[in-house]
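These notes are about the structure you will find just below.
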């Protein structure tokens, strides 16, 4: 007889579309766990049938109460609890981190089973830089809040990853073009499914493309980093030197500004002496 799983929490990454992407280890845990916490029992039932699992399910999602979370933590003392989202890796754009946080605080065993993630899969499809990236999730629906979020990351030199729905896509792309600049982007949808596609272009062009034809399915928007910043002007250098010299000796002020603006230190030192004189 197969040994029982160690009591605790098992974070299980499921497929994002193609059921064949379920890993053998994930299937094993889904078949052996004492209970499986899922977002939607109807969605997860299909995956459990594919895995050959008949384990009981309990709903756990962003509307679940603190009481339900506490009961799951209590069960982990003597039972194995698998956490499964509707698609992909749990905790990405869902509140499952609270369950992990409380399980750790209670001293429960916690482990994760790596697997598919729509954000990472779309990043690899996009053809945009992958060396630095930031997952942004869904943008707020209200224009003011959406603009504020975009303003926070506009200067960040990294590729940005957003989740989006078809009906909101065109408006969100237009807001991104306004808040981030008209950058290169990719719309990735139906990843790993029959009609998978990655459409590339500028944010403005993509917004126009989808204005009257919102796409269906799961959508990930990948936005490239900003272009190279223009070199600092002489006025910028003078302003920075004047401010730095209120705090530092001339030599150190020139060094600080040279590093901040990417300019020549000797030239800045000479200019600083002129300004001081």
Self-check item: Matching entry among 35, 12 (being under 25 Å from residue 196 (Cβ atoms) and touching a strand residue (DSSP E or B) at 6+ places or on another chain (Cβ under 6 Å))
Solution: 12
Quiz item: Looking only at region 218-254, which residues are in contact (Cβ under 8 Å) with a residue 12 or more places away in the chain, outside any loop (DSSP other than H, G, I, E, B) and over 22 Å from residue 180 (Cα atoms)?
Solution: 236, 237, 238, 240, 241, 242, 244, 245, 250, 251, 253, 254
Practice problem: Mind listing whichever residues of region 74-86 are surrounded by fewer than 22 Cβ atoms within 10 Å (Cβ to Cβ) and either at pLDDT below 95 or assigned to a loop (DSSP other than H, G, I, E, B) (or both)? | Solution: 77, 78, 79, 86
Quiz item: What are the pairs, 6+ residues apart or on separate chains, where a residue within region 53-72 that is surrounded by 12 or more Cβ atoms within 10 Å (Cβ to Cβ) has its Cβ under 6 Å from a residue that is part of a loop (DSSP other than H, G, I, E, B)?
Solution: 55/33; 61/39
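Could you tell me whether any residue of region 217-231 is farther than 30 Å from residue 119 by Cβ and surrounded by fewer than 14 Cβ atoms within 10 Å (Cβ to Cβ)?
Within region 217-231, the subset farther than 30 Å from residue 119 by Cβ is 230-231.
Within this subset, residues satisfying the condition of being surrounded by fewer than 14 Cβ atoms within 10 Å (Cβ to Cβ) are 230-231.
For region 217-231, residues farther than 30 Å from residue 119 by Cβ and surrounded by fewer than 14 Cβ atoms within 10 Å (Cβ to Cβ): present.
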Quiz item: Would you say residue 242 is surrounded by fewer than 14 Cβ atoms within 10 Å (Cβ to Cβ) and more than 25 Å from residue 129 (Cα to Cα)?
Solution: no
Self-check item: Identity of the residue in region 95-121, buried (at least 17 other Cβ atoms within 10 Å of the Cβ) and assigned to a loop (DSSP other than H, G, I, E, B), that ends up modelled with the lowest pLDDT
Solution: 96
Quiz item: Only one residue in 19, 30, 9 is in contact with a helix residue (DSSP H, G or I) (Cβ under 6 Å, 6 or more places away or on another chain) and surrounded by fewer than 14 Cβ atoms within 10 Å (Cβ to Cβ), so which one is that?
Solution: 19
Exercise. Being under 21 Å from residue 171 (Cα atoms), without any contact (Cβ under 8 Å) to a residue 24 or more places away in the chain and assigned to a loop (DSSP other than H, G, I, E, B) is the filter here, so list the residues in region 122-149 that pass it.
Key: 140, 142
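The values are calculated or read from the model by the stated rules, or taken from the named source; none is laboratory data. Just so it is clear, the structure is predicted and the values come from calculations on it, not from any experiment. In this analysis, Cβ positions are derived from the backbone assuming ideal geometry, glycine residues included, and neighbour counts consider all displayed protein chains.
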